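The values are calculated or read from the model by the stated rules, or taken from the named source; none is laboratory data. On a predicted model such as this, the values are computed, not experimentally measured, just so you know. Please note: Cβ atoms are built from the backbone with ideal geometry, for glycine as well, and neighbour counts cover all protein chains shown. Keep in mind that these areas ignore ligands, DNA and RNA; they rest on the heavy atoms of the full protein, side chains included. Shrake-Rupley method; radii C 1.70, N 1.55, O 1.52, S 1.80 Å.
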Amino acid sequence: GSRDMPPAGLAVDQLASAQASATLRGTLWTLARNPAFLLLTAVFGLGVGVFYALSTLLAQLLAALAPGAYSSADSGLLGCVMVSAGIAGALVVGYLCDRAPRRLKAILVAVCAGVCVSVAALLVCMRPHFFAPLLVVSGCAGVTLTALLPVCLNASVEVTYPLPETLASSVLFIAAQAVGVGLIVVLTPLLSLHAAPVQHLAPWLLVLATVAALALACTVRLRYMRLLEDQVQCV
């Protein structure tokens with residue numbers, strides 16, 4: 001009888017939960033079929049993942065490439081400069097993205113090129129008695145790496161509109177964390193080896209990741225869906 005039927009409130013909650021789950025699956029499937037978003041996810045994952053790995057492994061990189069030349073305080077200062085410069089860089093590039101929304105592709109490629117150069121220069125400068133250049137280059141690396149945040153987030157909103165922005169950005173950050181953890185897991189034992197060739201070559205995996213990000217950024221075809229919608233509404 002009526003006692004076998006679930007409470008009305010519970011039935012409504014279950015229906016809402018099922019609808020939300022179906023909507024989430026549908027949105028994720030739509031994102032998975034969006035080539036521009038997938039490329040942006042790869043670019044963001046590689047670039048920001050390198051930033052995560054660099055900031056985590058900075059002391060180990062210095063110990064491997066310049067043994068005994070720098071203290072833990074030196075690596076801490078380099079990390080502080082990288083993060084501080086990165087905050088400033090993200091703010092400046094975010095302003096540029098807002099001022100020139102149709103130039104997102106050019107900004108993305110320029111930032112990725114800067115990432116390649118700055119990360120390579122950072123590794124080259126990891127040698128004894130090079131602390132001043134290291135400070136400058138670590139700041140440049142922080143600026144370019146974190147500049148990927150506003151560029152890729154703005155671009156992902158454009159290519160996925162009108163899908164929820166929060167879900168697209170969550171996918172980007174999950175990709176970055178996955179790449180960062182992967183690089184840390186691979187590089188940590190390699191940097192601990194006492195074989196000099198491996199210690200000197202392993203860090204360049206970070207540069208290879210940035211080169212891959214630049215190559216993928218060049219192939220992204222941005223469609224400014226949100227910008228077009230805003231223009232239509234203004235007419």
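Cα-based values for the range 175-220, radius of gyration first and Dmax second, are 12.6, 41 Å.
Extension gain for Ala178-Arg102 works out to 24.4 nm (0.36 nm per residue, less the C-alpha to C-alpha distance).
Spherically averaged projected area of the convex hull of Cα atoms, the range 97-235: 9.8 nm². Between Ala212 and Phe130, the simple spin-label model (points 7 angstrom out along Cα→Cβ) gives 2.5 nm. Ligands, DNA and RNA left out, the accessible area of the chain computed with a 1.4 Å probe is 70% carbon and sulfur.
Model label points for Leu193 and Val83, set 7 angstrom from Cα along the Cα-to-Cβ axis, are 3.1 nm apart. Dipole size of the chain about its Cα centre, with +1 on Lys/Arg Cβ and -1 on Asp/Glu Cβ: approximately 440 debye, rounded to the nearest 20.
For the range 121-185, the Kirkwood hydrodynamic radius comes to 14.1 Å, computed from all pairs of different C-alpha atoms.
From the alpha carbon centroid of the range 160-188 to that of the range 49-87 is 22 Å.
Fully extending the segment from Thr27 to Tyr95, taken as 0.36 nm per residue of separation minus the present Cα-Cα distance, adds 21.6 nm. Here the Gaussian network model covers the chain, with springs between Cα atoms less than 10 Å apart; of Ser118, Ser169, Ser72, Ser72 fluctuates the most. Computed from the Kirkwood radius of its Cα pairs, the Stokes-Einstein diffusion coefficient for the chain at 25 °C and 0.890 mPa s stands at 125 µm²/s.
Taking a span of 20 Å or more along the helix axis (Cα atoms) and a mean Kyte-Doolittle hydropathy of at least -0.5 as the rule, the DSSP H helices of the chain that qualify are 8-32, 35-65, 72-99, 104-124, 131-160, 165-192, 204-219. Once C-alpha pairs closer than 8 Å and six or more residues apart are averaged by separation and normalised to the residue number of the chain, the relative contact order reads 35 percent. Cα extents for the range 94-134 along the principal axes, largest to smallest and rounded to whole angstrom: 44, 16, 8. Highest GNM mean-square fluctuation, the chain, Cα pairs closer than 10 Å: which of Ala155, Ala53, Ala110? Fluctuation is largest for Ala110.
For the range 37-176, the solvent-accessible area works out to 40 Å² per residue, with a probe of 1.4 Å and every protein chain left in place.
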